[in-house]
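Take a look at the structure set out below.
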Amino acid sequence: MRSAEEKILLSHGNGGKMMHQLIGNLFLKHFASEALSEQTDAAILAAVTQEIAFTTDSFVIDPLFFPGGNIGKLAVCGTVNDLAVSGADPMYLSVSFIIEEGFPMKDLEVIVVSLAEEARKAGVSIVTGDTKVVNKGKCDKLFINTAGVGSVRPGNRYVSKAKGIQPGDLILINGSIGDHGMAVMSVRESFNFRSPVVSDCASLNHLIKEILDQSQGVKFMRDPTRGGVATVLNELAGKTKLGIEIDETALPMSKGVTAMCELLGFDPLHIANEGKVLIVAAEEEAGRILEIMKKNPLGSCGAIIGRVVDDHPGKVVLKAETGGKRIIDTLTGDPLPRIC
Ligand code: MG
């Protein structure tokens with residue numbers, strides 16, 4: 001157990017004795033991987049025979065802890081999901097910490113433990129990393145950067161490129177929308193709803209692998225993080241020069257998110273998700289993909305939420321519960337900064 005008083009000091013990042021203690025007692029202890037334990041300046045990794053996907057993401061979420069996770073778990077899920085929706089099996093992660101002087105060691109350990117646990121669940125190895133400590137006030141508590149490498153099976157190299165999409169194709173999602181953004185918001189604003197909102201933060205690589213292994217029908221997939229479902233679908237409509245129609249009654253949404261969005265005037269289609277994937281598939285294949293999805297706990301509330309259409313090319317239109325239609329635009333401005 002670490003004492004509540006133990007804090008990160010500038011000397012934990014200076015390359016000397018205290019930094020080595022921090023690395024040994026915290027990072028190496030929890031991130032246990034062969035490449036990392038060699039403590040070389042760069043990880044030496046086995047060659048991959050297939051194409052690789054490579055991505056990076058920085059995490060500056062505020063607050064660091066939220067219902068359903070913390071910045072450590074999020075730093076794994078975000079990068080793992082970007083690899084997975086690109087058709088890659090995530091293999092290696094790098095993790096860099098930028099820590100503000102005075103940050104509680106106890107909190108850092110909780111974050112490191114969840115990061116390690118999520119990496120294990122996702123089946124990725126943390127093979128290299130870095131630690132910097134900056135003076136008090138020079139960064140806000142803690143920032144994490146992760147980069148990830150995955151191997152792309154040849155059959156999956158087009159799944160993120162939106163090729164061959166045509167009118168009639170269906171759009172699927174693996175569960176309720178807006179949970180992450182509203183969970184973070186609920187902590188910031190200290191809301192006390194009867195149905196508390198929990199972030200959907202999760203690594204989707206196993207679910208996505210199950211789908212890609214059993215179906216050749218995925219034409220496009222992406223994780224609707226910042227900017228939400230609306231932003232991904234608008235990009236897709238723009239790229240394909242086709243229209244997209246979303247059916248409001250089919251959109252899975254939790255009671256808590258519905259209540260918060262109504263109260264705060266947010267459109268749930270613009271709210272960030274951290275454990276969701278949008279998939280476009282041919283009509284005859286969509287039902288099968290939905291079945292595969294629903295067998296996985298991370299897809300049990302999956303649904304077909306809309307379709308690709310000839311009408312209104314380049315635009316996303318919501319068919320409202322009331323029968324009317326309205327255009328759903330890309331998010332402008334940032335109503336929820338530092339959400340990831
Ligand atoms: Mg992404």
### Candidates 313, 337, 297, filtered to the one that is under 25 Å from residue 206 (Cβ atoms), open to solvent by 40 Å² or more (accessible area, probe 1.4 Å) and not hydrophobic (A, V, I, L, M, F, W, C)
297
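Residue by residue, here is whether (1) small (Gly, Ala, Ser); (2) open to solvent by less than 40 Å² (accessible area, probe 1.4 Å); (3) within 23 Å of the chain's Cα centre (by Cα) holds:
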{"residue": "257", "(1), (2), (3)": "no, yes, yes"}
{"residue": "260", "(1), (2), (3)": "no, yes, yes"}
{"residue": "263", "(1), (2), (3)": "no, no, no"}
{"residue": "266", "(1), (2), (3)": "no, no, yes"}
{"residue": "277", "(1), (2), (3)": "no, yes, yes"}
{"residue": "280", "(1), (2), (3)": "no, yes, yes"}
{"residue": "283", "(1), (2), (3)": "no, no, no"}
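Among the candidates 232, 198, 184, which residue alone is within 17 Å of the chain's Cα centre (by Cα) and within 16 Å of the ligand (Cβ to nearest atom)?
Result of the check over 232, 198, 184: 232.
Inspect the stretch 211-223 for any residue being of a type outside the set (A, V, I, L, M, F, W, C), within 16 Å of the ligand (Cβ to nearest atom) and assigned to a loop (DSSP other than H, G, I, E, B) and give the result as yes or no. Quick ask: steps written out before the conclusion?
Residues of the stretch 211-223 of a type outside the set (A, V, I, L, M, F, W, C): 213-217, 219, 222-223.
Checking which are within 16 Å of the ligand (Cβ to nearest atom) leaves us with 222-223.
Those still in the list that are assigned to a loop (DSSP other than H, G, I, E, B) too: 223.
Yes - at least one qualifying residue is present in the stretch 211-223.
Considering each of 190, 199 in turn, give the residue that is assigned to a loop (DSSP other than H, G, I, E, B), surrounded by 24 or more Cβ atoms within 10 Å (Cβ to Cβ) and of a type in the set (S, T, N, Q). Before you say what the answer is, go through the steps one by one.
Values: 190 fails: surrounded by 24 or more Cβ atoms within 10 Å (Cβ to Cβ).
The match here is 199.
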### Query
If we keep just the residues of the stretch 1-30 that are among the hydrophobic types (A, V, I, L, M, F, W, C) and in a loop (DSSP other than H, G, I, E, B), which is surrounded by the most Cβ atoms within 10 Å (Cβ to Cβ)?
8
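For the stretch 31-144, which strands (runs of 3 or more DSSP E) that fit wholly inside it have 3 or more residues that are within 16 Å of the ligand (Cβ to nearest atom), under 13 Å from the mean Cα position of the chain (by Cα) and not hydrophobic (A, V, I, L, M, F, W, C)?
Details: elements: 51-59, 88-100, 125-134.
Those strands (runs of 3 or more DSSP E) span 51-59.
The values are calculated or read from the model by the stated rules, or taken from the named source; none is laboratory data. None of these values were measured; they are calculated from a predicted model. For neighbour counting, all protein chains shown are included, and Cβ atoms are generated from backbone atoms with ideal geometry for every residue, glycine included. When the accessible area is computed, the model is the full protein with side chains, heavy atoms only, and any ligands, DNA or RNA have been set aside. Shrake-Rupley method; radii C 1.70, N 1.55, O 1.52, S 1.80 Å.
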